[in-house]
1. For K89, are the conditions met, namely being outside any strand (DSSP E or B), charged (D, E, K, R) and either exposed (fewer than 15 other Cβ atoms within 10 Å of the Cβ) or touching a strand residue (DSSP E or B) at 6+ places or on another chain (Cβ under 6 Å) (or both)?
2. Against the conditions (1) under 17 Å from Y110 (Cβ atoms); (2) out of contact with any strand residue (DSSP E or B) (no Cβ under 9 Å at 6 or more places or on another chain); (3) of a type outside the set (G, A, S), where does T71 fall short? Just the number, please.
3. Would you check which residues across segment 104-121 are among the hydrophobic types (A, V, I, L, M, F, W, C) and open to solvent by 30 Å² or more (accessible area, probe 1.4 Å) and list them?
4. Looking at G56, G101, G124, can you tell me which residue is under 19 Å from A45 (Cβ atoms), surrounded by 12 or more Cβ atoms within 10 Å (Cβ to Cβ) and not hydrophobic (A, V, I, L, M, F, W, C)?
5. Please go through segment 61-78 and pick out each residue that is surrounded by 12 or more Cβ atoms within 10 Å (Cβ to Cβ) and assigned to a strand (DSSP E or B).
6. Assigned to a helix (DSSP H, G or I), over 14 Å from the mean Cα position of the chain (by Cα), at pLDDT below 95 and of a type outside the set (G, A, S): does that describe Q24?
7. Counting only residues that are within 10 Å of G124 (Cα to Cα) and touching a Leu at 6+ places or on another chain (Cβ under 9 Å), how many does segment 49-88 have?
Amino acid sequence: DSASRRVRVRDVAGQRLEVCGRRQHMGRNLARRQERHRVLPDWIADHLQRYIASNGADGHIWRGVPTLLLTTKGRKSGAPRTLPLIYGKTPTGYAIVASKGGAPAHPAWYLNLRDDPNVEIQVGPER
């Protein structure tokens, strides 16, 4: 579909990471204001903290589904941004979907990845 686009990148360990995203429909000014006030919801911050503290032992499987940690570089700040994301295994690596829960705009991590495809991933204890 013309509203979809696929980005393929290789992470540091050489695994292929495929990301599907949709076009951004949100105005640029609103997107910029939201990014400036980036605060993770408590449930995501808790999941991320547990995943990191346990090196993936607690957090890799979240509510019955596998998650990985994706670290991108902030396209404006240059700071590392890490998020837990649900993934699927592919023959060549992993697949994640940039849906932002069905919102019309791309998630910030997708925009960061699009601008700089050099990312790090952690799947369970493996980096």
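The values are calculated or read from the model by the stated rules, or taken from the named source; none is laboratory data. Computed from a prediction, not measured in an experiment: that's the story for all the values here. For neighbour counting, all protein chains shown are included, and Cβ atoms are generated from backbone atoms with ideal geometry for every residue, glycine included. Calculation scope for accessible area: heavy atoms of the full protein, side chains included, ligands and nucleic acids excluded. Shrake-Rupley method; radii C 1.70, N 1.55, O 1.52, S 1.80 Å.
1. Numbers: outside any strand (DSSP E or B): no; charged (D, E, K, R): yes; either exposed (fewer than 15 other Cβ atoms within 10 Å of the Cβ) or touching a strand residue (DSSP E or B) at 6+ places or on another chain (Cβ under 6 Å) (or both): yes.
So K89 fails the test.
2. (2)
3. Passing the criteria: only A108.
4. Criteria check complete, one pass: G56.
5. Correct list: I61, W62, P66, T67, L68, L69, L70, T71, T72, K73.
6. Numbers: assigned to a helix (DSSP H, G or I): no; over 14 Å from the mean Cα position of the chain (by Cα): yes; at pLDDT below 95: yes; of a type outside the set (G, A, S): yes.
Considered against the rule, which asks whether it is assigned to a helix (DSSP H, G or I), over 14 Å from the mean Cα position of the chain (by Cα), at pLDDT below 95 and of a type outside the set (G, A, S), Q24 comes out as no.
7. Qualifying residue count for the region: 8.
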